[in-house]
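Student: Have a look at this one.
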Amino acid sequence: MKSIKTSPHVPTKIEVKEIGVNKIEITAYPFEAGYAITLAHPLRRLLLGSSVGFAPVALRIEGVAHEFDSVRGVVEDVSHFIVNLKTIRFKVKDDSDSVSINYSFAGPKVITGEDLVNDIVDVVTPNIHLATINEDAILNFSIIVRKGIGYVPSEDIRNAISEDYMPLDAYFTPVTNVTYETENVLVEDDPNYEKVVFNIQTDGQIEPLMAFKNALSVMHKQMAIFNSELNIEVPEVNSGEEDRPEIKLLSQTIDSLNFSARCFNCLDRSGIKYLGELVLLNEDQIKNIKNLGKKSLDEITVKLEELGYPIGKAIAEDLVALLKKKFSN
């Protein structure tokens with residue numbers, strides 16, 4: 001039977017694991033039933049739609065009038081050149097929001113993203129093919145790289161550049177893929193809690209963990225209007241701490257754990273009244289309890305293992321702080 005709660009459970013655990021190049025897995029739990037997907041879906045959208053990145057927004061090629069033209073001595077026509085350019089991911093080296101870069105290449109040469117690195121920009125996709133120049137050909141071109149979010153079509157860029165440049169569809173987001181899954185997780189014999197597992201991958205302009213942090217920041221800023229205008233009191237994160245399954249378990253009194261009379265008396269005389277106080281002790285501290293013999297120590301060891309808190313188990317810092325606060329009152 002479920003207990004009656006006065007506030008939803010607040011998740012207490014998060015795990016971050018690197019699973020590939022510019023790819024991480026983030027797991028958070030335990031959530032109340034339905035809460036994991038409620039939070040995961042908007043976070044995914046914010047990761048894809050609000051992550052700041054750089055993209056080429058305009059191109060000028062010497063001797064070219066429009067995107068359907070061709071360049072003498074270059075294998076790719078201009079439209080193919082543009083497609084290749086848009087797949088190359090840039091990163092401006094300083095804090096500029098917009099930079100213009102000039103390039104000049106002489107053939108024979110195969111141009112890749114690596115060839116576009118200079119004092120102004122880095123390229124995080126160095127192996128992407130841009131163009132092939134035949135012998136005796138020269139290719140001079142300029143590109144404008146800008147900072148932005150999401151996707152901006154070329155027609156919206158047209159009025160922001162000079163007429164001698166061709167506008168490009170701009171894909172700014174550095175986040176290339178975000179997926180999430182929700183799973184049930186067992187908490188104190190209750191299987192109805194949930195965890196969410198994110199897989200986040202970026203193109204290298206930004207680390208995936210930083211992209212996740214930025215998305216969380218955007219979410220908080222978007223919600224701030226409600227707090228400021230409606231004078232909503234924002235509760236402390238631990239406002240529902242009494243409802244946490246771990247707190248409930250560790251708040252059990254020692255006399256409810258069915259210890260032998262000798263073991264109970266040793267713990268009681270030493271001032272240990274709750275399971276949580278016992279769990280916070282390391283092995284040496286337990287052994288040093290006055291008059292605690294080997295049989296009582298073995299009894300405590302078995303009991304703590306049964307409850308999922310074997311002696312010496314690492315406990316999350318926030319849980320330790322909550323327990324110390326609770327038992328000091």
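Student: From (1) touching a residue at least 24 places away in the same chain (Cβ under 8 Å); (2) farther than 27 Å from ALA33 by Cα; (3) part of a helix (DSSP H, G or I), pick out the condition that doesn't hold for GLY204.
Tutor: (3)
Student: Which condition number in (1) in contact (Cβ under 8 Å) with a residue 40 or more places away in the chain; (2) in the same structural domain as VAL110 (by TED's automatic domain parsing); (3) among the aliphatic types (A, V, I, L, M); (4) surrounded by fewer than 21 Cβ atoms within 10 Å (Cβ to Cβ) is the one that ALA33 fails?
Tutor: The failed condition is (2).
Student: Please work out which residue is farthest from the chain's Cα centre (by Cα), limiting yourself to segment 255-275 and to residues that are exposed (fewer than 13 other Cβ atoms within 10 Å of the Cβ), part of a helix (DSSP H, G or I) and of a type outside the set (D, E, K, R).
Tutor: Narrowing segment 255-275 to residues exposed (fewer than 13 other Cβ atoms within 10 Å of the Cβ): 255-256, 258, 260-261, 269, 271.
Keeping just the survivors that are part of a helix (DSSP H, G or I) gives 255-256, 261, 269.
From what's left, of a type outside the set (D, E, K, R): 256, 261.
Values: SER256: 42, ALA261: 50 Å.
That would be ALA261.
Student: Run down ASP119, ASP97 and say which single residue is under 23 Å from ILE157 (Cα atoms) and loosely packed, with under 15 Cβ neighbours inside 10 Å.
Tutor: Result: ASP97 is the single residue among ASP119, ASP97 that is under 23 Å from ILE157 (Cα atoms) and loosely packed, with under 15 Cβ neighbours inside 10 Å.
Student: Can you tell me which condition GLY63 does not meet? The list is (1) under 28 Å from GLN205 (Cβ atoms); (2) small (Gly, Ala, Ser); (3) surrounded by fewer than 13 Cβ atoms within 10 Å (Cβ to Cβ); (4) touching a Lys or Arg at 6+ places or on another chain (Cβ under 8 Å), and all the others hold.
Tutor: (1)
Student: Of the residues SER70, SER50, which is touching a helix residue (DSSP H, G or I) at 6+ places or on another chain (Cβ under 7 Å), without any contact (Cβ under 8 Å) to a residue 24 or more places away in the chain and surrounded by 14 or more Cβ atoms within 10 Å (Cβ to Cβ)?
Tutor: It is SER70.
Student: Take the residues in segment 124-138 that are polar (S, T, N, Q) and surrounded by 15 or more Cβ atoms within 10 Å (Cβ to Cβ), then tell me which one is nearest to GLY204 (Cα to Cα).
Tutor: Here the residue is THR125.
Student: Take residues that are in contact (Cβ under 8 Å) with a residue 40 or more places away in the chain and tell me which of the helices (runs of 4 or more DSSP H) falling wholly in segment 276-329 contain 1 or more.
Tutor: Output list reads 294-306, 317-328.
The values are calculated or read from the model by the stated rules, or taken from the named source; none is laboratory data. Everything quoted here is computed from the prediction, not taken from an experiment. All Cβ positions, even for glycine, are placed from backbone atoms using ideal geometry, and neighbour counts span all protein chains on display.
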